[in-house]
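My structure is below; once you've seen it, I'll send some questions.
The values are calculated or read from the model by the stated rules, or taken from the named source; none is laboratory data. Owing to the predicted nature of the structure, the values given are computational and were not obtained by experimental measurement. For neighbour counting, all protein chains shown are included, and Cβ atoms are generated from backbone atoms with ideal geometry for every residue, glycine included. We work out accessible area using only protein heavy atoms, side chains counted, and drop any ligands, DNA or RNA first. Shrake-Rupley method; radii C 1.70, N 1.55, O 1.52, S 1.80 Å.
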Amino acid sequence: FTEAINTISSDDIGFDEYLKMIDEVLDSGAPVKRFFVETEKYISIDLEKARALYSLISSKGYPYYVVEMSYLRNSIKEQSEYLSLPDSVKSEYEELKALGDKAFKARNFLLAEEKYREAYEKSKLAVCEYYIGKALFKQGKLGEAKKHLNNYAVNGGSKYDKCLLYLSSINTILKKNGAAKRQVDLMLRINNSFEKDFVYQGRRKNKQKRN
């Protein structure tokens with residue numbers, strides 16, 4: 001089973017049968033890391049399957065992986081809240097966020113902040129706290145940025161790792177090196193467990209694009 005699960009996807013055998021295989025593989029003591037990645041993949045494409053995978057992994061315990069399980073749980077909640085928005089609100093939110101992203105890319109961080117705030121007022125989605133925080137950070141408003149980023153980090157979902165990177169940068173600037181190191185360590189742990197596609201090189205040499 002352990003070898004087979006590495007070559008078989010849910011598309012090959014059906015999702016229910018796939019869950020049964022995963023159940024047996026985890027009971028055999030196989031590493032759980034691959035299924036963190038699998039669960040995160042499903043969050044954006046099939047939330048019910050993501051929930052089923054999360055529930056299965058959660059039922060096995062894994063006290064060492066409390067950070068990873070919290071990340072998955074909050075990412076599922078974040079996506080659920082987005083999908084529950086009325087279509088009209090969702091459309092307006094997406095339009096405002098896109099305008100914010102465009103302004104951010106153009107380095108018009110004040111306009112980006114304004115659009116992200118409007119997106120939050122329209123949707124009340126917690127992830128907007130992250131977007132507002134990063135726009136404030138780019139304007140050098142560290143105190144305000146930290147407040148919004150911390151608000152998101154408390155129950156951070158899909159942007160939690162990037163949020164930690166911003167918070168670490170702020171704490172480094174404020175010479176709160178202990179807090180900055182803890183945030184970097186958490187960020188690196190998440191990126192390792194979920195096989196994120198960038199390598200952290202430190203604040204001065206960091207090439208990671210924070211989105």
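Scan the range 13-57 for residues that are under 18 Å from the mean Cα position of the chain (by Cα), in a helix (DSSP H, G or I) and among the hydroxyl-bearing types (Ser, Thr, Tyr) and jot them down.
Once the filter is applied, which keeps residues that are under 18 Å from the mean Cα position of the chain (by Cα), in a helix (DSSP H, G or I) and among the hydroxyl-bearing types (Ser, Thr, Tyr), the range 13-57 yields Thr39, Tyr42, Tyr54.
Also: Which pairs have Cβ atoms under 6 Å, sit 6 or more apart or on different chains, and link a residue in the range 80-94 that is surrounded by 15 or more Cβ atoms within 10 Å (Cβ to Cβ) to one that is modelled with pLDDT under 95 and among the aromatic types (Phe, Trp, Tyr)?
Sorted first by the residue in the range 80-94, then by its partner, the list stays empty.
Is it the case that Val127 is under 19 Å from the mean Cα position of the chain (by Cα) and of a type in the set (Val, Ile, Thr)?
When the stated conditions are applied, Val127 passes them.
Among the residues of the range 47-78, which ones are among the acidic types (Asp, Glu) and either touching a Gly at 6+ places or on another chain (Cβ under 7 Å) or loosely packed, with under 14 Cβ neighbours inside 10 Å (or both)?
Listed by number, the residues that qualify are Glu48, Glu78.
Here's a check for you: in the range 140-187, which residue that is within 23 Å of Leu72 (Cα to Cα), open to solvent by 70 Å² or more (accessible area, probe 1.4 Å) and not charged (D, E, K, R) is modelled with the highest pLDDT?
The selected residue is Asn151.
For Ala98, all conditions in the list (1) aliphatic (A, V, I, L, M); (2) open to solvent by 40 Å² or more (accessible area, probe 1.4 Å); (3) touching a residue at least 12 places away in the same chain (Cβ under 8 Å) hold save one; what is the number of the exception?
Of (1) aliphatic (A, V, I, L, M); (2) open to solvent by 40 Å² or more (accessible area, probe 1.4 Å); (3) touching a residue at least 12 places away in the same chain (Cβ under 8 Å), only one is false for Ala98: (3).
When you scan the range 122-139, do you find a residue that is at pLDDT below 95 and either in contact with a helix residue (DSSP H, G or I) (Cβ under 6 Å, 6 or more places away or on another chain) or buried (at least 18 other Cβ atoms within 10 Å of the Cβ) (or both), even just one?
No, the range 122-139 has no match at all.
Do we have Glu118 as within 25 Å of Tyr71 (Cα to Cα) and not β-branched (Val, Ile, Thr) here?
no
Shifting gears a bit: Look at the range 93-130 and say how many of its residues are among the acidic types (Asp, Glu) and within 20 Å of Glu81 (Cα to Cα).
Within the range 93-130, residues that are among the acidic types (Asp, Glu) and within 20 Å of Glu81 (Cα to Cα) number 5.
Can you tell me how many residues in the range 101-121 are within 18 Å of the chain's Cα centre (by Cα) and open to solvent by 50 Å² or more (accessible area, probe 1.4 Å)?
Within the range 101-121, residues that are within 18 Å of the chain's Cα centre (by Cα) and open to solvent by 50 Å² or more (accessible area, probe 1.4 Å) number 2.
To continue, here is another question. Does Glu40 count as in contact (Cβ under 8 Å) with a residue 60 or more places away in the chain, out of contact with any strand residue (DSSP E or B) (no Cβ under 9 Å at 6 or more places or on another chain) and open to solvent by less than 40 Å² (accessible area, probe 1.4 Å)?
no
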